[in-house]
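Chemist: Before I ask anything, let me first share the structure, which is written out below as C-alpha cells.
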Amino acid sequence: MGSEKTVVLLHGFGEDHSVFSRQVEVLLKYFRVYTPDLPGSGKNFDHVWQSGTESIDWMAEWMYEQLSRRGISSCIMLGHSMGGYITLAFAEKYPEILQGFGLIHSTAFADSPQKKENREKAILCMEEKGGYACLKTAIPGLFRPEFSQVFPEVIQELISKAGRFRTESLIAYYRAMINRQDRSKVLKEAAVPVLLVAGSHDTAVPPDDLIKQASLSSICHFHLLKDSGHMSMVESPEVLCRILFNFIISIL
C-alpha cells in the first residue's frame, strides 16, 4: 500500500470498518485509505482474546503491526469513539508515524466513576443476556432523536450488524475502555495537527469535554456538529467528509 498520503480510519465499539463507508468513498478519490476491522469486529469477528490483550494499549500495538505489514511508515490516523482511544494510545507509543491524528466523538479523558459503573453494568447485562440483547437497546441512543425517527432503517442496519459480534469481544472492549488511562498529555505534547469532532447531541462523549480538550493542542482543528449525536459518519456524512478532507489536505 505504501505510506504516501495514507489515511487510517479506526471504527468504534460495536461497529466495523463499514461505518466509514461514505467517508471512504470520498477520500479514496484523493488518498490511500486503510480501514481495518479491529480484533473481534467485522472480518476479525472470530478473534480469540488472550490474557493481557483486553486493553487499548494492546490494540494500539496490534495496529502498529498491521501498518508494518502493509509498509505504512507514516499516516494520518482518525478514530471514532473507541477507535479514538486507540488512536491516542498509538500517538503516545508511535508518534513518529503520525503526520496528524484525530478524535471523532472520542475523548482523551479517562472514564469518570459513573461511566465506569455504567460499563460494568453493561458487562453484567451481556454476561446474563448476551451482547446482542444489550447492544440493540443501546444503539438507538447514539443518534439524535430526530434522525432515529426519520431513518429507522439506518438504525436497524446497525442493530443487525451488532448481531455478528461475539459477546466475549464486546466485553473485552468494555474492559479495555474501563481500564484506559487519561491521555490529555498526548494532546498537550502533540507535535502534529489534531482534529476533534464533537456532536451537539452526543450523550456518549459530551461536547463540553471536547471543547475543554480543544485548547490542549498547539495545532487543533475543532468542529462541533449541531445536527449530530455520536454517529456523524451516518448522521451527517457529507459534513464529516468535508471536515476530514480539509484536515487531511492541510497536512498532506
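The values are calculated or read from the model by the stated rules, or taken from the named source; none is laboratory data. For clarity, every value in this text was computed on a predicted model and none was experimentally measured. Positions of Cβ are backbone-derived with ideal geometry, glycine not excepted, and every protein chain shown enters the neighbour counts. Heads up: the accessible areas ignore ligands, DNA and RNA and are worked out on the full protein's heavy atoms, side chains in. Shrake-Rupley method; radii C 1.70, N 1.55, O 1.52, S 1.80 Å.
Chemist: Restricted to region 67-116, and to residues that are without any contact (Cβ under 8 Å) to a residue 40 or more places away in the chain and among the polar types (S, T, N, Q), which residue is nearest to N179 (Cα to Cα)? Give the derivation first.
Modeler: Applying the first criterion (without any contact (Cβ under 8 Å) to a residue 40 or more places away in the chain) to region 67-116 yields 68-69, 90, 93-94, 96-97, 112-115.
With the extra rule that they be among the polar types (S, T, N, Q), the set shrinks to 68, 112, 114.
Numbers: S68: 27, S112: 11, Q114: 14 Å.
Restricting to residues being without any contact (Cβ under 8 Å) to a residue 40 or more places away in the chain and among the polar types (S, T, N, Q), the top hit is S112.
Chemist: Collect the residues in region 1-18 that are open to solvent by less than 10 Å² (accessible area, probe 1.4 Å) and over 23 Å from G71 (Cα atoms), keeping them in residue-number order.
Modeler: First, the residues of region 1-18 that are open to solvent by less than 10 Å² (accessible area, probe 1.4 Å): 6-12.
Within region 1-18, just G12 meets the criteria.
Chemist: Give the residue that is farthest from I248 (Cα to Cα), with candidates limited to residues of region 92-127 that are of a type in the set (G, A, S) and open to solvent by 10 Å² or more (accessible area, probe 1.4 Å).
Modeler: Going through region 92-127, the residues of a type in the set (G, A, S) turn out to be 100, 102, 106, 108, 110, 112, 122.
Next, only the ones that are open to solvent by 10 Å² or more (accessible area, probe 1.4 Å) stay: 110, 112, 122.
On the way: A110: 27, S112: 32, A122: 36 Å.
Ranking the candidates gives A122 first.
Chemist: I need the helices (runs of 4 or more DSSP H) fully contained in region 98-206, keeping only those with at least 3 residues that are of a type in the set (V, I, T).
Modeler: Working: elements: 113-129, 131-138, 145-150, 152-162, 167-179, 184-189.
Per the criteria, 152-162, 167-179.
Chemist: Quick test of your reading of the structure: M233 fulfils all but one of (1) surrounded by 15 or more Cβ atoms within 10 Å (Cβ to Cβ); (2) free of Cβ contacts under 8 Å to residues at least 24 places away in the same chain. Name the failing condition by number.
Modeler: Every condition holds for M233 apart from (2).
Chemist: Mind checking whether some residue in region 200-212 is touching a helix residue (DSSP H, G or I) at 6+ places or on another chain (Cβ under 8 Å), buried (at least 21 other Cβ atoms within 10 Å of the Cβ) and of a type in the set (V, I, T)?
Modeler: No, that holds for no residue.
Chemist: Conditions: (1) among the small types (G, A, S); (2) on the phi < 0 side of the Ramachandran plot; (3) surrounded by fewer than 17 Cβ atoms within 10 Å (Cβ to Cβ). G130 meets all but one. Number of the miss?
Modeler: Of the numbered conditions (1) among the small types (G, A, S); (2) on the phi < 0 side of the Ramachandran plot; (3) surrounded by fewer than 17 Cβ atoms within 10 Å (Cβ to Cβ), the odd one out for G130 is (2).
Chemist: Being more than 20 Å from H11 (Cα to Cα) and of a type outside the set (V, I, T) is the requirement here; does K161 meet it?
Modeler: On the way: more than 20 Å from H11 (Cα to Cα): no; of a type outside the set (V, I, T): yes.
Judged against the criteria, K161 is not a match.
Chemist: Just one of the numbered conditions (1) of a type in the set (A, V, I, L, M, F, W, C); (2) closer than 30 Å to N246 by Cα; (3) assigned to a helix (DSSP H, G or I); (4) more than 16 Å from the chain's Cα centre (by Cα) is not true of L224; which one?
Modeler: Unmet for L224, out of (1) of a type in the set (A, V, I, L, M, F, W, C); (2) closer than 30 Å to N246 by Cα; (3) assigned to a helix (DSSP H, G or I); (4) more than 16 Å from the chain's Cα centre (by Cα): (3).
Chemist: Within region 83-98, which residues are out of contact with any strand residue (DSSP E or B) (no Cβ under 8 Å at 6 or more places or on another chain) and of a type outside the set (D, E, K, R)?
Modeler: First, pick out the residues of region 83-98 that are out of contact with any strand residue (DSSP E or B) (no Cβ under 8 Å at 6 or more places or on another chain): 89, 92-96.
Hits for region 83-98 are A89, Y94, P95.
Chemist: Can you tell me which residues in region 43-90 are small (G, A, S) and either at pLDDT below 95 or surrounded by fewer than 16 Cβ atoms within 10 Å (Cβ to Cβ) (or both)? Lay out the reasoning, then the answer.
Modeler: Keep residues of region 43-90 that are small (G, A, S), which gives 51-52, 55, 60, 68, 71, 73-74, 79, 81, 83-84, 89.
Those that are small (G, A, S) and either at pLDDT below 95 or surrounded by fewer than 16 Cβ atoms within 10 Å (Cβ to Cβ) (or both): S51, G52, S68, G71, S73, S74.
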